[in-house]
Structure formats: structure tokens, C-alpha cells
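FYI, it's all coordinate maths here, none of it is from the lab. This one's a predicted model, so the numbers in the text were calculated from it and none came from an experiment. Cβ placement follows ideal geometry from the backbone for every residue including glycine, while neighbour counts extend to all protein chains displayed.
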């Protein structure tokens, strides 16, 4: 199994569509066998689902995520654990132990569109920006 986490400086990056890196963990016998940090090369939102699919990721841990990205990940059979914050390594450990606290309804709730912060739901559930 492979788990990806939106990543920045050891922490879970809070906006899926703007993450610059994923930390990808290879899991064997329900423990981390290896991990690597993968740059997204500036790809955003829907394109990131393709990046994760190409990396053969099975599960994603992230902070906020829009509906369009969730749909793209679901189409690639990638399970999403959203609304998570804190240490990336600790989150993966908690997931493996069945103790990860996450929000199955987590959505991204901030953007810099020049109109202040807003909820992605105003755009039909898809993050844009």
C-alpha cells in the first residue's frame, strides 16, 4: 500500500490544490517500509490526482480539499482522509493504527482570489484559483 500526505516542512499542508510536495510512504505489513518526498512541479488541483495515480497511491491524507479534487481522486480509487493537521509522520502512524482523526466532509475553505476568504462550496464544491 502507498499513502501520500500533502507536505510542507514535516507538517500536513492544508490546501491540497496548492501543495508543492507530497510525502509518499510505502507500507508493508502495516508499517512504514520507506518514504520519499515528491515535488508536484507546480501542478495544481485536478492535475494532482493524476500525479498521485501515477505514483500508485492508495490513500491520501490532507487538510482542506475541494469537491472537484475529491471526485478526481475517487475516480482513481484513492481514499481521502481530509481535515487533518499536524505532523505528516504522526498522521500516517495514526492511520495505520486505526486512530487517525479526520473529517470525511473536509473541504478547502480559503483562497487568495482578491475577494477575501471564502468557502469552496460557493463554486459548486470545486476549488478554483
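Can you sort 37, 78, 61 from fewest to most other Cβ atoms within 10 Å of each residue's own Cβ?
Numbers: 37 11, 78 21, 61 26.
Taking fewest neighbouring Cβ atoms as first place, the list is 37, 78, 61.
Would you mind estimating how fast segment 11-74 diffuses translationally, via Stokes-Einstein at 20 °C and 1.002 mPa s with the Kirkwood radius over Cα pairs, in µm²/s? The partial results should precede the final answer.
Values: Rh = 12.2 Å.
Roughly 175 µm²/s, to the nearest whole number.
Under the 0.36 nm per residue contour assumption, what length would be gained going from the current alpha-carbon distance of residue 74 and residue 34 to full extension?
Details: separation 40, 0.36 × 40 = 14.40 nm, distance 2.50 nm.
That pair, residue 74 and residue 34, stretches by 11.9 nm at full extension.
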